[in-house]
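Written below as structure tokens is the structure these notes are about.
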Amino acid sequence: MKQKNIYIIDFDSTFTQVEALDELARISLKKHPEKEAIFKKIEDLTNLAMEGKLSFSESLAQRVKLLEASEDHLKQLITRLKKKVSRSFSRNAAFFKKHADQVLIVSGGFKEFITPVVSQYHIKKENIYANTFVTTGDGKIIDYDHANPLSEEGGKVKLMQHLNLEGDLYGIGDGYSDFQLRESGMIKKFYAFTENISRESIVSRADHITPSFDEFLYVNNLPRAISYPKNRILCLAIGDVPEESLALLKKDGLSIRHKTSFEDKYVKDVHMILLAKGEKIDPEKLKMALKLKTIGYLGGIAGKLDLQTCTAMGIVIFEDPKNNPRNANFIPKRMLDFMNKGTTYLSSNFPNLQLPRIESSHRLIHVHHNVPGIMAQINTVFAKHSINIVGQFLMTNPTIGYAITDINAEYDKDLFKSLKKIEHTIKFRVLY
């Protein structure tokens, strides 16, 4: 009988983008005359514990004393944390609903603020393991329950030993206490979560580095909101590209490389290219870039890019002939809209199509030569595989057809192979 998988997930800087006690300090000490010095001390204590340079129990005790917090401050913190859930966790809420029995939140933080945040994601209260505060009658936080193993050094290991769970355990977190589970042999694999913070001392010891929860779901072949993790999408910026443009692309979670030329080592793996004004691409290199999906040009492409070759390869081109220096993000935004939604609006070579995002569906993109009967063949494939179509869009120009189909969540994987085999297909991809 197959072992059940159990997913042990950290809270601070993993499930949420921030360290909750640091945020609580900023709320509770807002009017304190020495607040900045205390903030810094609390942050330092947090980092020392996360990097394994200070015992967790000592770090926790010192931080709680510095907080001067109350239950009213906790209410404010909860409101803030609900808005700070890590983006990749937030978009995969469906996973937590489907696997509620297999997900444990194990944290050195506190149930008082963790439970209201993660409960929104169908995580069961009995699967939340964390510390608890001790308060006075008027709601002032004065201490924490020292009998809780999670308040001690190596607390997560002690808890797992006590729980004695059956199945294959996988740990996801950003700190030393998460790695200790792997070091102790309590879990099968440790995934260093780096979407919010990357600690070299932890990353270097991990079984796998996961820049997003999408990556974790992808490598473990689990249901996910997007078909391919953004951190695996290589975006090459070439030439004098503004930092503002690079920052926008990085914020979306893409893997960015900023280079002076289109280096050979990137040709076969690049998915996106952003070219500064005046830059060119060798036509022979372009023909070998089979994974390339879109090129953005910070200027006019005339004489700089082989538009015909790009179109024949199904590569969507966005350009800015006016080269407006005040809007460095105009082209990157167009590229991201295409990668995230399939939108080709203002493209130089594709039929212009603006698309809404349809929830609880998978979006399939089919690029083909504009010849009669392709849509009939596409829909015949869907019918043979008993696929329910939620929405469908088609635009053509004299050269190509651009078909978008949103289907329900249940589908046969062989469907994709059938769609790729349709004659005159140029490019097919699953968007999400």
For this session: Among the trypsin sites (Lys or Arg not before Pro) in segment 1-62, which ones are in a DSSP loop with at most 16 other Cβ atoms within 10 Å of the Cβ? Mind listing them?
Result: Lys2, Lys4, Lys30, Lys31, Lys53
Problem set entry | Ranked packing of 268-281, 75-88, most packed first, by mean Cβ within 10 Å | 268-281, 75-88
Exercise. Segment 275-378: D in µm²/s via Stokes-Einstein (Kirkwood Rh, Cα pairs, 10 °C, 1.306 mPa s)?
Worked result: 106
For this session: Please work out the average accessible area per residue across the chain, using the 1.4 Å probe convention, and give it in Å².
Result: 47
For this session: Determine the shape class of segment 1-142: with a ≥ b ≥ c the square roots of the Cα gyration tensor eigenvalues, call it rounded for a/c under 1.5, and otherwise prolate if a/b is greater than b/c, oblate otherwise.
Result: prolate
Exercise. For segment 288-357, with only Lys/Arg (+1) and Asp/Glu (-1) charged at the beta-carbon, what is the dipole magnitude about the Cα centre, in debye rounded to 20?
Worked result: 240
For this session: Would you calculate a helix-derived [θ] at 222 nm for the chain, using -39,500 (n - 2.57) for each DSSP H run of n ≥ 4 and dividing by the full residue count, to the nearest 500?
Result: -9500 deg cm²/dmol
Problem set entry | Residue among Pro321, Pro33, Pro242 with the largest mean-square fluctuation in a Gaussian network model of the chain, springs linking Cα atoms under 10 Å | Pro33
Exercise. With a sphere of radius 10 Å drawn around the Cβ of Arg363, what net charge do the other residues whose Cβ falls strictly inside it have (Lys, Arg +1; Asp, Glu -1)?
Worked result: +2
Problem set entry | Links that overshoot a 24 Å alpha carbon limit, given the list Lys4/Lys341; Lys97/Lys125; Lys4/Lys97; Lys53/Lys250; Lys230/Lys265; Lys293/Lys421 | Lys4/Lys341; Lys53/Lys250
Problem set entry | Inter-centroid distance (Cα atoms) of segment 23-73 relative to segment 146-213, Å | 22
Problem set entry | Out-of-range pairs (alpha-carbon distance over 24 Å; input Lys98/Lys251; Lys75/Lys140; Lys75/Lys124) | Lys98/Lys251
Exercise. What does the highest-first list of 104-112, 385-393 look like by mean Cβ count within 10 Å?
Worked result: 104-112, 385-393
Exercise. Which entry in (1) 44; (2) 33; (3) 19 is this structure's computed percent of Cα pairs over 39 Å apart?
Worked result: (2)
Seminar exercise, completed: In the chain the accessible area split gives carbon plus sulfur, as whole percent at 1.4 Å, a share of 48
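The values are calculated or read from the model by the stated rules, or taken from the named source; none is laboratory data. Note that the structure is predicted; figures quoted are calculated from it, not measured. Ideal geometry is used to build each Cβ from the backbone, glycine not excepted, and the neighbour counts take in all protein chains shown. These area figures cover heavy atoms from the full protein model, side chains too; ligands, DNA and RNA do not enter into them. Shrake-Rupley method; radii C 1.70, N 1.55, O 1.52, S 1.80 Å.
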